[in-house]
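The values are calculated or read from the model by the stated rules, or taken from the named source; none is laboratory data. All figures in this text were calculated on a predicted structure; none of them were measured in a lab. Neighbour counts are summed over all protein chains in view; Cβ atoms, including those assigned to glycine, are modelled from backbone coordinates with ideal geometry.
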Amino acid sequence: MSELGRTIGFLVHDNVTMMDVAGPADVFHHANVFGADYKTVMVSADGQAKRAANGHFLMVETTAAGAGALDTVLVPGAYGMVAKPFEQELVDAVAQLTNDAKRIASVCTGAFLLAHAGLLNYRNATTHWTQVERFRKSFPLVNVVPDALFVQDDPIITSAGISSGVDLALFMVEDDYGPEVARAVVRQMVIFNQRPGGQSQRSVAVSTSTSRDHVLRELLDRITAEPAADYSIDAMAAMTNLSASSLTRRFQEATRTSPARYVEKVRIEAAQAMLQRGATVATTAAATGFGSAETLRRVFTQKIGMSPSLYLERLTPRHGDGGHLPA
């Protein structure tokens with residue numbers, strides 16, 4: 001990709017999710033403050049403004065046919081778009097825009113449009129967690145990575161739902177202009193952290209109800225901070241000064257799961273993060289409470305649906321085709 005300015009075209013369409021567009025667009029805008037050189041262009045199939053799912057209109061600058069060559073094409077998703085056949089005009093717009101693009105990306109169900117065009121055949125890809133099974137059944141030639149924020153299979157990057165578009169854009173900024181620019185954007189936009197692509201779409205902390213039980217809340221925070229500690233039911237009962245039966249009951253009421261299952265989820269999530277940062281399976285197992293590499297492999301395969309090595313293979317950016325898209 002050229003060291004000169006990079007033009008990113010957003011293919012907007014009716015009922016598009018505003019965050020899928022606004023999140024990445026703001027990342028690129030802020031990156032320009034710190035030395036990047038991005039130009040973002042709003043494109044639609046017919047050149048007309050499009051009403052987003054939240055009711056607001058997105059102004060459009062050009063038709064797909066008139067957009068010219070783009071460095072990056074970003075296809076956002078829309079609520080309900082996968083429940084009905086795609087409009088031919090939108091399908092044609094995807095083909096027109098991606099034909100000469102150097103990089104292609106999608107947010108949320110935008111991946112369905114890329115797959116429909118055949119661009120994801122035999123490639124690793126992801127989408128919003130609620131649509132993974134539909135995605136897998138609709139496009140059997142796609143290697144679906146079910147629980148990742150974003151996946152790169154060069155030159156195509158697909159991301160999960162909505163806010164993951166921000167993570168996708170930060171990844172692009174780092175790839176284009178280096179980690180310092182990306183970190184500057186993170187600080188400027190007051191983003192808590194730049195999340196790696198392999199992080200789960202549904203973290204344990206997010207999917208678990210926030211407990212109003214302060215004793216239990218402290219225990220949950222401790223499990224997240226120190227996943228390798230002893231969290232047998234007796235150990236946790238001692239930490240909270242509760243009986244084992246009382247702890248189990250309060251835990252179930254607050255989290256809708258058992259103490260053991262919660263600990264396992266936290267440990268798996270921590271292991272995913274460590275593996276993607278380059279830790280070995282043995283080191284990861286010791287640091288996340290699984291003890292041995294064999295145990296981690298067994299639990300990981302059972303819960304994630306693939307071995308740690310295959311998980312990393314699916315997430316590792318592939319650069320084997322020189323950046324050229326299939327004809």
Would you confirm whether any residue within the stretch 103-110 is assigned by TED's automatic domain parsing to the domain that holds TYR38 and more than 16 Å from the chain's Cα centre (by Cα)?
yes
Note on the stretch 280-302: residues within 26 Å of LEU219 (Cβ to Cβ), of a type outside the set (S, T, N, Q) and surrounded by 13 or more Cβ atoms within 10 Å (Cβ to Cβ) are ALA285, ALA286, ALA287, GLY289, PHE290, LEU296, VAL299, PHE300
Being hydrophobic (A, V, I, L, M, F, W, C), closer than 29 Å to TYR177 by Cα, touching a Leu at 6+ places or on another chain (Cβ under 9 Å) and surrounded by 14 or more Cβ atoms within 10 Å (Cβ to Cβ): is that true of MET18 here?
yes
Residue ranges of helices (runs of 4 or more DSSP H) in the stretch 229-285 with at least 1 members at pLDDT below 90 and touching a strand residue (DSSP E or B) at 6+ places or on another chain (Cβ under 8 Å):
none
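Conditions (1) assigned to a strand (DSSP E or B); (2) in contact (Cβ under 8 Å) with a residue 12 or more places away in the chain; (3) touching a Pro at 6+ places or on another chain (Cβ under 9 Å), marked per residue:
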position	(1), (2), (3)
ALA65	no, yes, no
LEU70	no, yes, no
VAL73	yes, yes, no
ILE104	yes, yes, yes
Please enumerate the residues belonging to the stretch 108-135 that are touching a Phe, Trp or Tyr at 6+ places or on another chain (Cβ under 9 Å) and closer than 15 Å to GLN152 by Cβ.
ALA111, LEU120, ALA125, THR126, THR127
Among the residues of the stretch 115-133, are any buried (at least 23 other Cβ atoms within 10 Å of the Cβ), in a helix (DSSP H, G or I) and out of contact with any strand residue (DSSP E or B) (no Cβ under 8 Å at 6 or more places or on another chain)?
no
Can you name every residue in the stretch 141-191 that is farther than 14 Å from LEU114 by Cβ, free of Cβ contacts under 8 Å to residues at least 24 places away in the same chain and not charged (D, E, K, R)?
GLY178, PRO179, VAL186, VAL190
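Looking only at the stretch 188-217, how many residues end up being within 21 Å of HIS30 (Cβ to Cβ) and at pLDDT below 90? Even if it seems obvious, please write down each step before you answer.
Start the filter on the stretch 188-217 by keeping residues that are within 21 Å of HIS30 (Cβ to Cβ), which leaves 188-197.
Subset that is at pLDDT below 90: 190-197.
The number of residues fulfilling the criteria is 8.
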So which residues in the stretch 286-309 are modelled with pLDDT under 90 and either of a type in the set (A, V, I, L, M) or assigned by TED's automatic domain parsing to the domain that holds GLU133 (or both)?
ILE304, MET306
Going by the conditions given, is LYS39 surrounded by 15 or more Cβ atoms within 10 Å (Cβ to Cβ) and of a type in the set (Lys, Arg)?
no
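Checking the condition of a type in the set (Ser, Thr, Tyr), under 27 Å from TYR38 (Cβ atoms) and modelled with pLDDT under 95, which residue from SER163, SER106 passes? Quick ask: steps written out before the conclusion?
Details: SER106 fails: modelled with pLDDT under 95.
Selected residue: SER163, the only one of SER163, SER106 that is of a type in the set (Ser, Thr, Tyr), under 27 Å from TYR38 (Cβ atoms) and modelled with pLDDT under 95.
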Step by step: first the residues of the stretch 144-170, then only those that are in a loop (DSSP other than H, G, I, E, B) and among the acidic types (Asp, Glu), then the one that is surrounded by the fewest Cβ atoms within 10 Å (Cβ to Cβ). Which residue is that?
ASP154
Taking only pairs six or more apart or across chains, which ones have beta-carbon atoms under 8 Å, a first residue in the stretch 24-46 that is under 19 Å from PRO179 (Cβ atoms) and in contact (Cβ under 8 Å) with a residue 40 or more places away in the chain, and a second residue that is surrounded by fewer than 15 Cβ atoms within 10 Å (Cβ to Cβ) and among the polar types (S, T, N, Q)?
HIS30/GLN188; VAL33/GLN188; PHE34/GLN188
Between VAL173, VAL181, which is among the β-branched types (Val, Ile, Thr), part of a helix (DSSP H, G or I) and touching an Asp or Glu at 6+ places or on another chain (Cβ under 9 Å)?
VAL181
Of the residues in the stretch 36-59 that are closer than 18 Å to ALA101 by Cβ and assigned to a loop (DSSP other than H, G, I, E, B), the one that is farthest from the chain's Cα centre (by Cα) is ALA45
